[in-house]
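Structure, as structure tokens:
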Amino acid sequence: MNFNCAVFRPTQVLLVLLLGIFALPLQAAVAYEREGFRAEAEYFRVQQQEISRDQAAAIVKRRYGGKILAISEVQKGGRTVYRVKGLSDKSQVYVVYVDKQSGRISQ
């Protein structure tokens, strides 16, 4: 008699278990969005403290040194950023942007 039974190797079982475990966070995220918890996430985003002009100046000064000449608040890519104009130790003028929410520097 010839029986065609499915034989599972331990590696196959382990692979299926691992795929199931790693898929759980993704499933939870989809359910979280589907259940209308976006308002809660938005609430926490609004609660985050923005950085001030002085903090933006300090961030740039730590990174580039020299002197800060001017700071203004502008919109760039749909985000509010500080435009920081500075003078390096080598007397070169530079302009960088500091994201108001995250404090990240971009050029």
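Some observations on this one:
- For the stretch 64-107, residues that are farther than 14 Å from D54 by Cα, free of Cβ contacts under 8 Å to residues at least 40 places away in the same chain and within 16 Å of the chain's Cα centre (by Cα) total 7.
- Flag if S72 is outside any strand (DSSP E or B) and among the hydroxyl-bearing types (S, T, Y): no
- Inspection of the stretch 75-93 finds no residue satisfying the criterion of being surrounded by 14 or more Cβ atoms within 10 Å (Cβ to Cβ), outside any strand (DSSP E or B) and at pLDDT 90 or above.
The values are calculated or read from the model by the stated rules, or taken from the named source; none is laboratory data. In this text the structure is predicted, and so the values were computed from the model without any measurement. Cβ: placed from backbone, ideal geometry, glycine included. Neighbour counts: every protein chain shown.
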